[in-house]
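Asker: Please read through the structure below; I'll follow up with questions.
What follows is calculated from the coordinates using simple rules that are stated; it is not laboratory data. Bear in mind that the values here come from a model prediction, so they are computed numbers and not experimental data. Here the Cβ positions follow ideal geometry from the backbone for every residue, glycine too, while neighbour counts run over all protein chains shown.
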Amino acid sequence: CTSGRCERERAAFATCAEEHVYAVIGHLAKIADANCQAEVERYRQCRTHTPGATCEEEDLAAIRCASRHVLESARAPPAG
């Protein structure tokens, strides 16, 4: 790979990632709601009991859990 080509590919990837980050987080939140009940509940309890808190640790735990589900489904053999 020539350095100019790689730089263009990196820039294109970064642009795409920036444009779609909120959609990806939204999808991960839906997956977390469906598959990560304990993590989502801890996040909701944090937000309820600590108004104004970002509850970042709990939020990240739910997103990590959802990410694991996505990766595991990618490795699973096709159904059927």
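Asker: Let's see if you can work this out: charge +1 on each Lys and Arg Cβ, -1 on each Asp and Glu Cβ, no other charges. What is the dipole magnitude of the stretch 15-79 about its Cα centre, in debye to the nearest 20? List each step's numbers first, then the result.
Answerer: Numbers: 7 positive and 10 negative charges, 44 e Å.
Dipole about the Cα centre, nearest 20: 200 debye.
Asker: What shape does the chain have by the C-alpha gyration tensor, where a ≥ b ≥ c are the square roots of the eigenvalues, rounded means a/c under 1.5, and otherwise prolate means a/b greater than b/c and oblate the rest?
Answerer: Values: a/c = 3.42, a/b = 1.53, b/c = 2.23.
Oblate is the answer for the chain, as a/c is 1.5 or above yet b/c matches or exceeds a/b.
Asker: Select from A66, F13, A23 the residue farthest towards the positive end of the dipole of the chain; place +1 on Cβ of Lys and Arg, -1 on Cβ of Asp and Glu, and compute about the Cα centre.
Answerer: Selected residue: F13.
Asker: So, by mean Cβ neighbours within 10 angstrom, what's the order for 61-70, 22-31, 37-46, 9-18 with the highest one leading?
Answerer: Working: 61-70: 17.4, 22-31: 13.4, 37-46: 15.3, 9-18: 10.0.
Peptide ranking by packing, descending: 61-70, 37-46, 22-31, 9-18.
Asker: Which whole-number percent gives the relative contact order of the stretch 1-76, counting Cα pairs below 8 Å spaced six or more residues apart?
Answerer: Numbers: 40 pairs, mean separation 23.1, N = 76.
In percent, rounded to a whole number, it is 30.
Asker: Between 0 and 90 degrees, rounded to the nearest ten: what's the tilt of helix 56-75 against the longest Cα principal axis of the chain?
Answerer: 60
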